[in-house]
1. Could you please state how large a percent of the accessible area of chain A is carbon and sulfur, counting protein chains only and using a 1.4 Å probe?
2. So what is the orientation-averaged projected area of region B:69-216, using the convex hull of its C-alpha atoms, in nm²?
3. How high is the FRET efficiency from A:Tyr26 to B:Glu163, r the C-beta distance, R0 30 Å, rounded to 0.05?
4. If you count, for every residue in A:295-305, the Cβ atoms of partner chains within 10 Å of its Cβ, what is the mean?
5. So if I take the centroid of the Cα atoms in region B:257-273 and the same for region A:22-42, what is the distance between those two points in Å?
6. For chain B, take the longest principal axis of its alpha carbons; what is the angle in degrees between that and the long axis of helix B:55-72, to the nearest 10 within 0 to 90?
7. Using a cut-off of under 20 Å, list every residue of region A:203-217 whose amide N is near the label point 7 Å from the Cα of A:Gln173 along the Cα-to-beta-carbon line.
8. Counting Lys and Arg as +1 and Asp and Glu as -1, what is the net charge of the other residues whose Cβ lies under 9 Å from the Cβ of B:Gln208?
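The values are calculated or read from the model by the stated rules, or taken from the named source; none is laboratory data. If you're wondering where the values come from, they're calculated on a predicted model, not measured in any experiment. Here the Cβ positions follow ideal geometry from the backbone for every residue, glycine too, while neighbour counts run over all protein chains shown. Keep in mind that these areas ignore ligands, DNA and RNA; they rest on the heavy atoms of the full protein, side chains included. Shrake-Rupley method; radii C 1.70, N 1.55, O 1.52, S 1.80 Å.
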Amino acid sequence: MDALTSQQVTFKVFRFNEETDYLPFYNTYTLNVTHEEVVLDILNRIKWDHDGSLSYRRSCRHGICGVCSIKINGKAILACKSRLFDLVKIFGTDLTIEPLSTKRVIKDLIIDKKDFWEKHAHVNPYLVSDIIEEPTSEHLVSPHDAEKLNEADYCIQCGACHYSCPALAINEQFIGPAAFAAAYRFSADVRDEGALERLHIVNEEAEGVWDCVKCMECAEACPKDVNPIEKITKLHNMIFEAGIAKNNVATRHAVGFAHSIQKHGLLDEGELVRYSEGNIGVMKHIPEALAMFKNGKIVMPWNMPKSKNLDEIKKLIQSSSTVKF
Amino acid sequence: MEKLKYALYTGCTARESTPELLKSTLAIAEKLGIELVLLDEASCCGASHLQDYDDFLSLVLNARNICYAEKLGLTMVTICNTCQLNTAMTKHRLDTNPELKARVNAKLAEVGLEYKGTSEVTHFLYALVQDFGLENLAALVKVPLSQFNIAPFYGCHNIRPSELQNLSNGGENPYNPTSLDDLIIACGGVNVDYAEKNKCCGFHAELQSPHTAAVLTGNALAGAIDANADWIVTPCPLCHLKLDVQHHGASKAIGRDVKLPVLHMPQMVGLALGCTPAELGLNHHVTKVDFV
Ligand code: SF4
Ligand code: SF4
Ligand code: SF4
Ligand code: FES
């Protein structure tokens, strides 16, 4: 396929006009595409040669403004950056072009990103610092300190991760990967003094980092390799380090692993659930636990398997632990 | 073909709530002539939660596990997606960051171990598909699964993030994975396509975000049912626990009765190779496997 310089691709394009349409529909176009073309070229050709009413956002054409993000066969992309031939390699020659979120469409591929910006604004996405009104020198950040941002500052707010996040699709309160990455970006900045307040915001139940399902969709979706889930893990760590982790099911779930490994090397699954939920909360798991017990899926405490060389594990937990709860 | 030999990192689940996974893994390895050496020294990988609490401790423990595969001079195979992710992530971070590796090794030295980076880490699914080979497997099939529509459920932590998985898990595209589909076909079955096959089951948020987790499980089961699947197959015991055990909560969350038998990847292969239900531990399922 690599030797090809052009090939036929069939595009199914999502259409919907909030003002006139009752239901969305798709238009199909079969076009000859060249190995140099990106998705935005195709959208332009459809608009210019076939249907001038097709609406989509684009501005910089350079992978920098972040407005052209859409989905191809469910994969979030920047239209101006994704080559057709790469997409054909993944999906074959039938491609479906859709907006980032079909629930939020204004017209065709244009969506209302209000929820994205609200979440972003919610985490104080700016440096909090006392400003010297008449500075006499620059406020320099060393390369070493700049590296602490871990490329979180590369975010172009395209929304690809946000609209690929399944936790957010179900739980509208969830702050979401892009805003978490922004929360990390400013909290990790040596000039910032607003980290503690931000950590409190992302530590809230239902909204905060604890409700991430760890699907890694955000890391996969990001066209700028911001790796939001990595920043979410760092926010978890910062919450524990700042000593503001609440004593709840989510934090006990994370901490419980250390307890269990200390004791058995392996995880004591039943004890982890009991420790996380507490003696009362654990009751709601009883029906499942009974079903599991009946089918030989629950190991009794006296049969709990242990790792060989458990003393090594205990010693390492003693010497390598860096956090207290 | 030279005899394949791996160090098997079972993880905790296969020794506790999914004993059928370990049983069926060992059963098919024997049938296929693959030698698996159990890493009994290994600890829990932290299941993507320990690192939220103590990232460094999680690295040290996972590195220690890999040390034992290195001592044997073998590739480590995992049978749980989340073990795979945590172990491969540890390996990647240590192999690309000499300073971090030195810090971890300073701790490991206290117990007489050293992480070198000489063992690969791969999920057993990819060992079968790539090292053993699908054609070789297909040639050994005794009971083709041709009367079954089988829905593959890949599980996030075997396919994402692709940057990492491409180093360890054979580089399939997470938006259009094919390994499990190909394995179904090699076993003589009919692979079913549905939108949720590469989506999340919700397992890791089950305690702290039960509604989100239950909807994800419900969507996955509903997707497979609507695509006419007779059962689901998965390489991940955590996905299995969610899909096999939690269908009540899932049905409630999405307002629709969803229930479908779910087999572990080696159980499916075992059926095709002619293993008995007892050899594959099919009696351990909560959603009964009523078709064999
Ligand atoms: S890893 Fe967490 S934040 Fe990222 S997409 Fe999945 S649920 Fe959302
Ligand atoms: S983190 Fe990446 S995917 Fe998410 S908004 Fe920023 S640039 Fe886009
Ligand atoms: S599908 Fe669920 S259990 Fe399986 S790997 Fe993903 S999050 Fe973990
Ligand atoms: S047009 Fe600006 S990022 Fe694509």
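1. Values: 8450 of 16130 Å².
Here carbon and sulfur together make up 52 percent of the probe-accessible area.
2. On the way: hull surface 45.7 nm².
Computing the convex hull of the Cα atoms and averaging its projections yields 11.4 nm².
3. On the way: r = 32 Å, r/R0 = 1.08.
According to the calculation, E is roughly 0.40.
4. Values: counts 12, 6, 12, 2, 5, 0, 0, 0, 1, 2, 5.
Averaged over the peptide's residues, the number is 4.
5. If we compute the Cα centre of each part, the gap is 39 Å.
6. Tilt of helix B:55-72: around 90 degrees.
7. A:203-214
8. Numbers: positive: none; negative: A:Glu205, A:Asp211, B:Glu206.
Summing Lys and Arg as +1 and Asp and Glu as -1 gives -3.
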